[in-house]
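The values are calculated or read from the model by the stated rules, or taken from the named source; none is laboratory data. Note that the structure is predicted; figures quoted are calculated from it, not measured. Cβ: placed from backbone, ideal geometry, glycine included. Neighbour counts: every protein chain shown. Just the protein is used for accessible areas: all its heavy atoms, side chains included, with ligands, DNA and RNA removed. Shrake-Rupley method; radii C 1.70, N 1.55, O 1.52, S 1.80 Å.
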Amino acid sequence: QVHLVESGGGLVQAGGSLRLSCAASGSIFRFNAMGWYRQAPGKQREWVATITVSANYADSVKGRFTISRDNAKNTLYLQMNSLKPEDTAVYYCNRAPPLYDWGQGTQVTVSS
């Protein structure tokens, strides 16, 4: 059973930055595509970014967010810059496409 633990969220003003982390219980990153997802209030969970040997991003975050990974630490990161109020959501990590049980996520709130 793989456990995913997201952290790093918080309250930030528009234009600010946050760095999210996702720690996994096992050595899952090395061989798998990993992704970040988010779910805003009243909306379905949506894909944000994926990393394999390269990175891909949703159009809504392209140029502002950067996904990265540290296989030695079994940790996935999401650097979020130039945050907008519409980025407010609970952020989750998982395989890409999702396979494992979802973690608790980390809340990101961007005030205008």
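Which ones in the range 34-51 are without any contact (Cβ under 8 Å) to a residue 24 or more places away in the chain and either part of a strand (DSSP E or B) or within 19 Å of C22 (Cβ to Cβ) (or both)?
Result: E46, single match.
If L20 passes every condition in (1) modelled with pLDDT under 95; (2) of a type in the set (A, V, I, L, M); (3) surrounded by 15 or more Cβ atoms within 10 Å (Cβ to Cβ) but one, which one does it miss?
Against the list (1) modelled with pLDDT under 95; (2) of a type in the set (A, V, I, L, M); (3) surrounded by 15 or more Cβ atoms within 10 Å (Cβ to Cβ), L20 comes up short only on (1).
How many residues does the range 60-74 hold that are modelled with pLDDT of 95 or more and aliphatic (A, V, I, L, M)?
2
Taking K62, is it out of contact with any helix residue (DSSP H, G or I) (no Cβ under 9 Å at 6 or more places or on another chain), basic (K, R), free of Cβ contacts under 8 Å to residues at least 12 places away in the same chain and surrounded by fewer than 17 Cβ atoms within 10 Å (Cβ to Cβ)?
Taking the combined requirement at face value, the residue satisfies it.
Restricting attention to the range 65-112, report how many residues are outside any strand (DSSP E or B), touching a Ser or Thr at 6+ places or on another chain (Cβ under 7 Å) and either touching a residue at least 60 places away in the same chain (Cβ under 8 Å) or at negative phi (or both).
Selection size over the range 65-112: 5.
What residue, among those in the range 1-17 that are in a strand (DSSP E or B) and open to solvent by 30 Å² or more (accessible area, probe 1.4 Å), is modelled with the lowest pLDDT?
It comes out as V5.
Check Y92, Y57, Y77 and return the single one that is at pLDDT 95 or above, over 19 Å from A24 (Cβ atoms) and either among the aromatic types (F, W, Y) or within 12 Å of the chain's Cα centre (by Cα) (or both).
Y57
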